[in-house]
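In what follows, a structure is listed as C-alpha cells, so that the remarks can point back to it.
The values are calculated or read from the model by the stated rules, or taken from the named source; none is laboratory data. Remember, it's a predicted structure, so these values are computed and weren't measured experimentally. Ideal geometry is used to build each Cβ from the backbone, glycine not excepted, and the neighbour counts take in all protein chains shown.
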C-alpha cells in the first residue's frame, strides 16, 4: 500500500510541475460562480486540472454538497492513483459496476478509506471532518495525527488528530473556534482545499548543500548555493575561528561548487556567537571572496542583536543561520527576530539515540520531531511571520552503530554500497519515517545498524516542509549524495 501511496504523491508532484504550462486564458468560468466569489480562482484551477468538474459544462454547482462517491473520485484524480479492481471491496452497498467503484477501490487500497463499517454510503455528503482525515491519510501522515495536541477547535471529537494536522498545514480552517466537522463539505469548499494543497506542493524550495570534503560522489541538482564546511568558532578572544579543513581541500571544494554554477558559502559552526568573533567572521567571508556565510550554532544562548550586527558587517554577503529546533534547547531562541535579520533561518532537528531492547534506535531527524518544530515555529503565540525565509535541515548522512556503540556518520554513497553486502537487510520505520539497515554479526564482530534517510524519508520531510510554507531545504552531507537521493530532494 505504501509503495502505491508514494507513487501517487510523486505523480501529484509531477502534475504540479505542469501547472505553469496551463494558459490562464483557459481558466474555466461557470455561470453560477461570480468572478468576485471567494473561491472563484480555486474553482477555476480545479476545473482546469480536471480535479473537480462542474455538474454541467456551464454550471459548477455552487453551494451543493460533495458526495462521498465524488470525493474518492476527486482524490484519485489529484493523487493519480488510477483505478483498482472493485471486486474485493468490503462494502455491502457498492456495486462493482458503479461509476465510482474503481476510484473507491484505489482509495481503499491506499488506506484512505477504511472498512470500519460495511456501508460506504456513496450518495451521502462527505463531512468536513471526513474530508480532512482522508486528505491526511492520502498524504501519508497518519502517524502525525496520533501525536498532536488537542484540536484547535472545541467542537471536534472524531478524527481530532487529523483535523489538527490539516489545520496546522493550512489546508483547512474554522471560524471562532468552531470547525463544524459534521457539516457537509460544499463543492466550493472542496475546491478551495484541493487548490491550497496543489499550490503548496507546487512550490520549489531553494536548496543549499553542505559539503566537508572534495572526495566522493556528489550531485547538486538545482542547488542555489553550496556551503564549504571549513572551521568552528572557538569562543576565544584570540583566534576566534579554528579551521579544520586544510587550504587545499577548501580550494578543491570551491572548484567543485564553481563547476556546478552554484554560489559558494563559508560554513562555520560553533556553540555560541560571541561579540568578539563578529569581525573575524565577516573578514573570513569577505577576504575569502565567498558569496555568503552559513553559520551553524549549537548552543543555547543567542542574542538577535549579534546576528543583526553580523549581517551589517557582511553587507552585501548572504547570511544563512542554522539553529536548533524549538524545544531542543534549554533557552528560547528569538526565532522571529532571527528570521528578520538573517537572509534565511534553518531549523536543525536532533534525534534521540537510545537502546530499545538492546537495539540501537537512532532515527535521523524523526518526522514527528520535524512536525513538532514546524508547529512551534509557525503556529505558536509568537510565530515566525515569514515561513518562506525559513529552511529545514535534512541529512544525507546516516548514523552507524556497531553493537551498542555509535561509530559516527556514514555517507549516503557508503550506505548504498552497504545495502549490496550479503546478508544486509533494509527496513523502514513508519513511526519515524526513517530507514535502517542491519548487517548480521559475523564471528566476533557485532551486528551493524545504520539509520538513514532514503528517498521516501526525504520526500516525507521535504513535502511536510512545503505544506507548512517553508521556503528552503539545507542538505547536510551533500558530498556523499547518491543519484537517487539527489532526485528525492
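Data overview
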{"read-out": "Sole residue being modelled with pLDDT under 95, crowded, with 24+ Cβ neighbours inside 10 Å and either within 22 Å of residue 196 (Cα to Cα) or assigned by TED's automatic domain parsing to the domain that holds residue 197 (or both), chosen from 164, 132", "value": "164"}
{"read-out": "Meets criteria (modelled with pLDDT of 95 or more, over 26 Å from the mean Cα position of the chain (by Cα) and farther than 21 Å from residue 478 by Cβ) for residue 184", "value": "yes"}
{"read-out": "Residue 151 being surrounded by fewer than 24 Cβ atoms within 10 Å (Cβ to Cβ), not in a loop (DSSP other than H, G, I, E, B) and not assigned by TED's automatic domain parsing to the domain that holds residue 64", "value": "no"}
{"read-out": "Residue match in region 43-61 (condition: at pLDDT 50 or above and more than 26 Å from residue 125 (Cα to Cα))", "value": "no"}
{"read-out": "Single match in 307, 323 (criterion: touching a residue at least 12 places away in the same chain (Cβ under 8 Å), in a helix (DSSP H, G or I) and surrounded by 22 or more Cβ atoms within 10 Å (Cβ to Cβ))", "value": "307"}
{"read-out": "Residue in region 406-425 that is surrounded by the fewest Cβ atoms within 10 Å (Cβ to Cβ), counting only those that are touching a residue at least 24 places away in the same chain (Cβ under 8 Å) and farther than 15 Å from residue 479 by Cα", "value": "406"}
{"read-out": "Boolean, residue 474 is over 23 Å from the mean Cα position of the chain (by Cα), in contact (Cβ under 8 Å) with a residue 60 or more places away in the chain and assigned to a strand (DSSP E or B)", "value": "no"}
{"read-out": "Given (1) exposed (fewer than 14 other Cβ atoms within 10 Å of the Cβ); (2) within 28 Å of residue 388 (Cβ to Cβ); (3) touching a helix residue (DSSP H, G or I) at 6+ places or on another chain (Cβ under 7 Å), index of the condition residue 96 fails", "value": "(2)"}
{"read-out": "Residue satisfying condition, being in a strand (DSSP E or B) and modelled with pLDDT of 95 or more, within set 278, 294, 355", "value": "294"}
{"read-out": "The lone exception for residue 132 - which of (1) assigned to a loop (DSSP other than H, G, I, E, B); (2) in contact with a helix residue (DSSP H, G or I) (Cβ under 7 Å, 6 or more places away or on another chain) it fails", "value": "(1)"}
{"read-out": "Residue among 458, 394 that is in a helix (DSSP H, G or I), in the same structural domain as residue 367 (by TED's automatic domain parsing) and closer than 24 Å to residue 140 by Cβ", "value": "458"}
